[in-house]
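The values are calculated or read from the model by the stated rules, or taken from the named source; none is laboratory data. This is a predicted model, so every value here is computed, not measured. Note that we place each Cβ from the backbone using ideal geometry, even for glycine, and neighbour counts take in every protein chain shown. The protein model used for the area step is the full one, side chains on, heavy atoms only, and it has no ligands, DNA or RNA in it. Shrake-Rupley method; radii C 1.70, N 1.55, O 1.52, S 1.80 Å.
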Amino acid sequence: MSARMPPAGATTLLVIAKEPVPGRVKTRLTPPFSPGEAAELAAAALEDTLRTVLTLPASRRVLVLDGRPGPWLPRGYDVLPQSAGALDERIAAAFGTCSGPALLIGMDTPQITPSLLAPALSPGAWDGCDAWFGPAEDGGFWALGLAAPDPGLVRGVPMSRPDTGEIQRARLIGAGLAVRDLPALRDVDTAEDALHVAAAAPHGRFADALTRLGGAAVR
């Protein structure tokens, strides 16, 4: 049975992220970038993401953070620490903090725009829909929304694999949920990814940081 439609703006927006510390984030960007430069790019991606989320209708905006807040964090967020465990456990725990509809995104898609996420946050977003799924081009997923957050829908899904998204979406379908899809996006994992994402959002902080750090040199 599909979820009833909640009022507009009733969805909790979750951003799951890691503090941009050199050597702990975006390690696949090194080389060609140094650990410090990779952390700068991660901070810019996170700031773009957080600022976009601020423009979206929500009942609450939550940063689920591994680490400590920094100057990249704008006002308007509650900050919760990530749980222990693998990524599936941390995502599951983030959903477990929500009592109503929730949409979770990561920090690897700074090219997101309000229009990309609008379908999942519109007044009729949950009318006849139990879950929203945003596939990533690498086989993962960049967004996951649940009308009735159940950690068990995520826990145990193998992460960081080419079939992660396929397995996660199948888990939703197998639970009898009505699933709607968001557009596929490219995650920032490698230097090549960074170039593509910056081109998709040329006026963002991420694109500015990539240009400043000589991103054109990795072509």
Go through the stretch 75-92 and report how many residues are more than 21 Å from Ala10 (Cα to Cα) and either in contact with a Lys or Arg (Cβ under 8 Å, 6 or more places away or on another chain) or of a type in the set (A, V, I, L, M) (or both).
7
Determine whether the stretch 125-136 contains at least one residue that is over 13 Å from the mean Cα position of the chain (by Cα) and either surrounded by fewer than 16 Cβ atoms within 10 Å (Cβ to Cβ) or without any contact (Cβ under 8 Å) to a residue 40 or more places away in the chain (or both).
yes
If you check every pair at least six apart or on different chains, which have Cβ atoms under 9 Å apart with a residue in the stretch 24-46 that is closer than 19 Å to Ile112 by Cβ first and a residue that is hydroxyl-bearing (Ser, Thr, Tyr) and at pLDDT 95 or above second?
Ala45/Thr109
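For every residue, the table says whether it meets (1) more than 22 Å from Leu185 (Cβ to Cβ); (2) open to solvent by less than 10 Å² (accessible area, probe 1.4 Å); (3) out of contact with any Phe, Trp or Tyr (no Cβ under 6 Å at 6 or more places or on another chain); (4) part of a loop (DSSP other than H, G, I, E, B).
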residue: Ile16; (1), (2), (3), (4): no, no, yes, no
residue: Thr52; (1), (2), (3), (4): no, no, yes, no
residue: Pro57; (1), (2), (3), (4): no, no, yes, yes
residue: Leu65; (1), (2), (3), (4): no, yes, yes, no
residue: Leu80; (1), (2), (3), (4): yes, no, yes, no
residue: Ala94; (1), (2), (3), (4): no, yes, yes, no
residue: Met107; (1), (2), (3), (4): no, no, yes, yes
In the stretch 134-176, what residues are aromatic (Phe, Trp, Tyr) and closer than 16 Å to Ala92 by Cβ?
Phe141
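Do the conditions hold for Leu172, that is, is it under 25 Å from Thr11 (Cβ atoms), touching a residue at least 40 places away in the same chain (Cβ under 8 Å) and either in a helix (DSSP H, G or I) or touching a Pro at 6+ places or on another chain (Cβ under 6 Å) (or both)?
yes
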Going through the stretch 181-204 in order, the residues found to be touching a residue at least 40 places away in the same chain (Cβ under 8 Å) and either more than 17 Å from the chain's Cα centre (by Cα) or in a loop (DSSP other than H, G, I, E, B) (or both) are Leu182, Pro183, Ala184, Arg186, Asp187, Val188, Asp189, Thr190, Ala191, Ala201, Gly204
Working carefully through the options Arg169, Arg161, find the one that is open to solvent by 30 Å² or more (accessible area, probe 1.4 Å), under 20 Å from Lys18 (Cα atoms) and under 18 Å from the mean Cα position of the chain (by Cα).
Arg161
In this structure, does Ala120 turn out to be part of a helix (DSSP H, G or I), open to solvent by less than 50 Å² (accessible area, probe 1.4 Å) and farther than 19 Å from Ala42 by Cβ?
yes
Let me confirm something: among Ala102, Ala84, which residue is buried (at least 20 other Cβ atoms within 10 Å of the Cβ) and either at pLDDT 95 or above or under 20 Å from Val25 (Cβ atoms) (or both)?
Ala102
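What is the residue count in the stretch 18-38 for residues that are assigned to a loop (DSSP other than H, G, I, E, B), open to solvent by less than 70 Å² (accessible area, probe 1.4 Å) and not acidic (Asp, Glu)?
So the count comes out to 8.
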